[in-house]
Amino acid sequence: MDPDTETMNVKNILLVEDDLQDVKLTLAGLEESHLAGKVEVVRDGAEALDYLYRRRNFKTRPLGNPILVLLDNKMPKVSGLQVLKTIKTDERLKTIPVVALTSSRETRDLIEFYKYGVNAYVVKPMDFSAYMEAIKQLGAFWANVNEPPPVVWREETSIQNTEVISRGKIEVKNETPTPHFALGG
């Protein structure tokens, strides 16, 4: 590998959820899959975008994208659908698998999410044990079975007066499409 090239595979999950009880339940389900320690939680769509773009409170987070975004839909500031649209239209983000984890059973929401490239649409089960099982299945598939697309970063430099001047990191993207996944019911 080129010494100026570094592969960045951040092995974490981004949970975008505004309901504290759903955050606790999701983390408990992921804990059973030994994944809770790898979850970053943000409370609304604006914060999710700040995380993904390494802005504001997240400007010092490590390089790389999460292996999965678990995304609620109806949230303050920026909706989950708008976050999805932003992710799937950005060359640097579009290969991140996104699973809508929402209470909405509305056909219109389902259609819109798939129209904009969601990888799975999971309606949050009302029953506690069913919710826990759904989260365990999601965690097991996306973190253990699925192979996330690699993200390769290389240092872009130029030589000026025999000094190497760093111009920042640029991403070499992988054009591999992400698979669709649906939980069996």
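The values are calculated or read from the model by the stated rules, or taken from the named source; none is laboratory data. Note that the structure is a prediction, hence the values are computed from the model and not measured. Cβ coordinates were reconstructed from backbone atoms using ideal geometry, including for glycine residues, and neighbour counts include every protein chain displayed. In case anyone asks, the SASA skips ligands and DNA or RNA and just uses the protein heavy atoms, side chains included. Shrake-Rupley method; radii C 1.70, N 1.55, O 1.52, S 1.80 Å.
What to note about this one:
- Yes/no for residue 43 being basic (Lys, Arg), farther than 13 Å from residue 11 by Cβ and surrounded by fewer than 16 Cβ atoms within 10 Å (Cβ to Cβ): no
- Hits in segment 30-47 - residues which are part of a helix (DSSP H, G or I), under 16 Å from residue 66 (Cβ atoms) and either modelled with pLDDT under 90 or out of contact with any Lys or Arg (no Cβ under 7 Å at 6 or more places or on another chain) (or both): 30, 36, 37, 38, 47
- Selection within segment 23-38: residues that are open to solvent by less than 30 Å² (accessible area, probe 1.4 Å) and not aliphatic (A, V, I, L, M). The member of this set that is nearest to residue 142 (Cα to Cα) is 33.
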